[in-house]
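Report on the structure given below.
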Amino acid sequence: DATGAEIDGDVIMAILAKGFKAQGKLKANTIVGTVMSNLGFMHAMAESGIEVVTTAVGDRYVLEAMLQSDFNLGGEQSGHVIMRDHANTGDGLLTALQLLAEVKRSGQTLQELSRVMVRFPQVLINVDGVNKANLTTSKAIAAAIGDNESKLGANGRILLRASGTEPLVRVMVEAESEVVASEIAQKLATLVRSELS
């Protein structure tokens, strides 16, 4: 924005979803995101009365869900935004133009529009040198996830997933406090290393 603050894909999608909805252009009142979408994005969409369909990471999965149910807006935190009314792939220039159109339509600055969501602190730890294939079968890891999810409640989220492109397990924790997110992520990363080495 004008202050130099980065506007990531989650914020862009939230802005566009609200704008599309206001204009009656958001099909089925739904946007498609991924499991990596920030919890703040999920909360903002719920508060705006917009449904979120969540897919695996990767714009191919986002597009697949969009095509399956004829949704017209989806994307990833990384910035791949798909607007099927214009294209079936992410396009940076198209996204920029649509974002600028929403700035003009709303009469707000990009900084004002970006307040659509409050980002939850997100801690991501990559644990390498482990057998990622055993992630889903470890009872100790499943129990630790369950215990920590109970502590976080609706104000936090835990995601452990084997990377599809690298030999590692990604541990992602979101919470209202970065200290809490970091503490839980470190504990889970240590457990993943000991259980899957």
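The values are calculated or read from the model by the stated rules, or taken from the named source; none is laboratory data. These numbers come from a predicted model, not from an experiment. Here the Cβ positions follow ideal geometry from the backbone for every residue, glycine too, while neighbour counts run over all protein chains shown. With ligands, DNA and RNA removed, areas are computed over all heavy atoms of the protein, side chains included. Shrake-Rupley method; radii C 1.70, N 1.55, O 1.52, S 1.80 Å.
Some points to look at:
- Filtering the range 1-11 to residues that are of a type outside the set (Ser, Thr, Tyr) and surrounded by fewer than 23 Cβ atoms within 10 Å (Cβ to Cβ) leaves Asp1, Ala2, Gly4, Ala5, Glu6, Ile7, Asp8, Gly9.
- For the residues Val32, Val130, the requirement of being open to solvent by less than 60 Å² (accessible area, probe 1.4 Å), modelled with pLDDT of 95 or more and of a type in the set (Val, Ile, Thr) singles out Val32.
- Within the range 133-153, restricting attention to residues that are small (Gly, Ala, Ser) and either touching a Cys at 6+ places or on another chain (Cβ under 6 Å) or open to solvent by less than 80 Å² (accessible area, probe 1.4 Å) (or both), the residue that is modelled with the lowest pLDDT is Ala133.
- Hey, Gln98 farther than 23 Å from Ala56 by Cα and either surrounded by 19 or more Cβ atoms within 10 Å (Cβ to Cβ) or of a type in the set (Phe, Trp, Tyr) (or both) or not: yes
- Hey, Thr34 under 13 Å from the mean Cα position of the chain (by Cα) and of a type in the set (Ser, Thr, Tyr) or not: yes
- Any chance Phe41 is of a type outside the set (Asp, Glu), part of a helix (DSSP H, G or I), closer than 26 Å to Glu112 by Cβ and under 12 Å from the mean Cα position of the chain (by Cα): yes
- A single member of Arg193, Arg157, Arg161 is open to solvent by 40 Å² or more (accessible area, probe 1.4 Å), in contact with an Asp or Glu (Cβ under 7 Å, 6 or more places away or on another chain) and either assigned to a loop (DSSP other than H, G, I, E, B) or not acidic (Asp, Glu) (or both), and it is Arg157.
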